[in-house]
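What follows is a single structure, written as structure tokens, with notes after it.
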Amino acid sequence: MLAKVCSAAVNGIEAYPIEVEVNEAWGDTMVVIVGLPDTAVKESKDRVGTALSNAGYKFPMGKTTINLAPADVRKEGPSFDLPIAIGILAATEQMNPAPLEDYVLVGELALTGAVRPVKGVLPIALRARMDRKKGLLTPVENSAEAAVVEGLPVFPIRNLREAAGFLEGELKLLPAKVDIRQLFAHPNDDELDFAEVKGQQSVKRALEIAAAGGHNILLIGPPGTGKSMLAKRLPTILPPLTLDEALEATKIHSIVGLLNPGQALITRRPFRAPHHTVSDAGLLGGNANPTPGEISLAHHGVLFLDELPEFKRGVLETLRQPLEEGRVTISRAAGSMTFPSQFMLVAAMNPTPDGLMPAESRSSPREIQQYLGRISGPLLDRIDLHVEVPAVPFRDMSSERTGEASAQIRERVVAARWRQQKRFASRPRITCNARMGSRELASHCALQTDALDVLKGVMSHMQLSARAYDRILKVARTIADLAERDRITTEHLLEAVQLRSIDRQLSA
């Protein structure tokens, strides 16, 4: 007898339907799985056979053929265990096959028949809703993640018998429920706060500007000045995630398997800080079948690269496309994948090879230039703000006064972002000033004559590139938004120029 069960797999960050066909026939006892299965899928026949026996079912004694369609796409992982087991039960008439095509099933089977969690359930749930399925059967640990998809009943399954009983109508299961509003309303009691940072008012101001406009920022200062401490607190002043942003970020973490058991959504902006020994595949994504890397895991959040010059130059150069386009395309023998990567880059570095400020350094000017030269000009052009982080004076360190809280700074950032959303209402792809193109720069960053003359002199003296010119205008626009001004003034422009310290150092 032939039985068909609906399942799904993930390609990139999107899911596509998989039809599991199981045919039981006379012949020698054997199980054949076809449809480009990987090793984990091929091994499912042993897991499924033992799980069926331990759950009290009979394993077919003849030849069992299992086809995973479409046959020209490689299938990976153990998520097909549950649909294969249900298909075998239907093909051997141990259960009623009537409702099988109305539901999507995913899950790994333990040898006891218990159902274990799998990766990528959120994109599978979105695909099941698109295909108008009546429901999705998932492991209990994945049910909250899938339940955030409105309009799709999600039924948590603990074991194989529970799944078979529900599909036959002998067992009633309540669909999982998630209060999305409550997920976003949780208190941030364990959050870091800018109030804990002593001094560094100019750096805090630069980080506020970066957060308000979505700008990339480079922090330059000696060890122990608080560069990492400040960077880790940047997410606390960023605007809260919207539901669409949370779904996009959760999809990426889901397919990589980074969601905690029972976690429904990522409701805080991601903060990723890879070590400087990371490979280009670890940063961008890769492997035989491309999976997201650190820059995609930082989507809608912050990517922090500490000790920037210590990263391999080739790895850093791969950041150009993501920083410019907000996505990364990876080509492998298995195919080409595009992953979203709209993140804020926060990088930190020492000002000289020995870590001291240039005026105090024992390094020669040539050695300092060579050290700074580890970061290419095109990459520096894509970093909007270059900020010096000086040593904290003793009076600030010993003071009992606390700095401004993250909540207060976030209010100003959210207000500035609201002005930008209103400005770009007709261009939803542009979410902040940092994402402006040439057309938006011409429309919203027009300068008056005096400001234009100042910028002309700056460009000539510092020998800046056209890309740096655009970055200065974008940052000036953000400074004007924080000041609630419609036009960019000379004051806004000069502050934006001051926030490109490496350009000023190289032009000196």
For this session: Express in whole angstrom the spacing between the alpha-carbon centres of the stretch 453-490 and the stretch 1-62.
Result: 61
For this session: Order these peptides, 79-90, 460-471, 142-153, by their mean beta-carbon neighbour count within 10 angstrom, highest first.
Result: 79-90, 142-153, 460-471
Exercise. So, with a 1.4 angstrom probe, what is the percent of accessible area on the chain that is carbon and sulfur?
Worked result: 50
Exercise. What percentage of all Cα-Cα pairs in the stretch 322-384 are separated by more than 16 Å?
Worked result: 62
Exercise. Near the amide H of THR138, under 5 Å away, which other amide H atoms are found, from residues 5 or more places off or on another chain, if H is placed in the peptide plane?
Worked result: PHE155, ILE157
Exercise. Thinking of the chain as a set of Cα atoms, what percent of all their pairs are more than 36 Å apart?
Worked result: 43
Exercise. About the Cα centre of the chain, what is the dipole size in debye to 20, counting +1 per Lys and Arg Cβ and -1 per Asp and Glu Cβ, all else neutral?
Worked result: 800
Seminar exercise, completed: Per residue convex hull volume, Cα only, the stretch 258-357, in Å³ is 124
Problem set entry | Rounded D (µm²/s) - the stretch 23-83, Kirkwood Rh over Cα pairs, Stokes-Einstein at 37 °C, 0.692 mPa s | 271
Exercise. So which aspartates and glutamates pass the test for LYS42, namely a Cα distance under 12 Å, with those fewer than 8 places away in the same chain ruled out?
Worked result: GLU76, ASP81
Problem set entry | Listed residues VAL121, LEU137, PHE394: farthest to the positive end of the dipole of the chain (Cβ charges) | PHE394
Exercise. How long is the stretch 1-58 along each principal axis, judged by its Cα atoms, biggest number first, in Å?
Worked result: 38, 23, 20
Exercise. Among 391-402, 129-140, 339-350, 303-314, what's the highest-first ranking by average C-beta atoms within 10 angstrom per residue?
Worked result: 339-350, 129-140, 303-314, 391-402
Problem set entry | Directionally averaged projected area (convex hull, Cα atoms, the stretch 303-353), nm² | 4.2
Problem set entry | Accessible area of the chain divided out per residue, in Å², using a probe of 1.4 angstrom | 46
For this session: Give me D for the stretch 1-119 in µm² s⁻¹, whole number, from Stokes-Einstein with Rh from the Kirkwood sum over alpha-carbon pairs, 10 °C and 1.306 mPa s.
Result: 113
Exercise. So what does the Cα-only Debye profile of the stretch 351-508 read at q = 0.11, 0.16 Å⁻¹, as log10 I(q)/I(0), no solvent term?
Worked result: -0.57, -1.04
Problem set entry | Fully extended contour minus Cα-Cα distance, from GLU150 to LEU36, at 0.36 nm per residue | 37.8 nm
Exercise. Which entries in the list LYS119/LYS232; LYS232/LYS474; LYS133/LYS232; LYS177/LYS422; LYS58/LYS133; LYS75/LYS134 go over 31 Å, if you measure between the two C-alpha atoms of each?
Worked result: LYS133/LYS232; LYS177/LYS422
Problem set entry | Cβ charges +1 (Lys, Arg) and -1 (Asp, Glu), total dipole of the stretch 1-131, debye | 240
Problem set entry | Alpha carbon convex hull of the stretch 199-250, volume per residue in cubic angstrom | 94
For this session: Grab the DSSP H runs of the chain that are 4 residues or longer, score each as -39,500 (n - 2.57), total them, divide by all residues and round the 222 nm result to the nearest 500 deg cm²/dmol.
Result: -11000 deg cm²/dmol
Exercise. Considering only ALA483, SER460, GLY437, whose Cα is most displaced toward the positive end of the charge dipole of the stretch 350-508, charges sitting on Cβ of Lys, Arg (+1) and Asp, Glu (-1)?
Worked result: GLY437
Exercise. In the calculated pair distance distribution of the stretch 167-274, what percentage of Cα-Cα distances lie above 19 Å?
Worked result: 59
Seminar exercise, completed: Note on the stretch 219-317: alpha-carbon gyration tensor, axes a ≥ b ≥ c; rule is a/c under 1.5 for rounded, else prolate if a/b larger than b/c, else oblate; result oblate
For this session: Choose one of LEU192, ALA212, ALA176: the residue whose Cα lies farthest towards the positive end of the charge dipole of the stretch 147-224 (beta-carbon charges +1 Lys, Arg; -1 Asp, Glu; about the Cα centre).
Result: ALA212
Exercise. By the gyration tensor of its Cα atoms, with a ≥ b ≥ c the square roots of the eigenvalues, what is the shape of the stretch 289-406: rounded for a/c under 1.5, prolate for a/b over b/c, or oblate?
Worked result: oblate
Seminar exercise, completed: SASA check, SER336, accessible area w/ 1.4 Å probe, all protein chains in place, rounded to nearest 10 Å², comes out at 80
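The values are calculated or read from the model by the stated rules, or taken from the named source; none is laboratory data. No experiment lies behind these values; they were computed from the predicted model shown. Methodologically, a virtual Cβ is constructed for each residue, glycine included, from the backbone with ideal geometry; neighbour enumeration extends over all protein chains shown. For the accessible areas, the whole protein counts, side chains as well, though only heavy atoms, and no ligand, DNA or RNA atoms are used. Shrake-Rupley method; radii C 1.70, N 1.55, O 1.52, S 1.80 Å.
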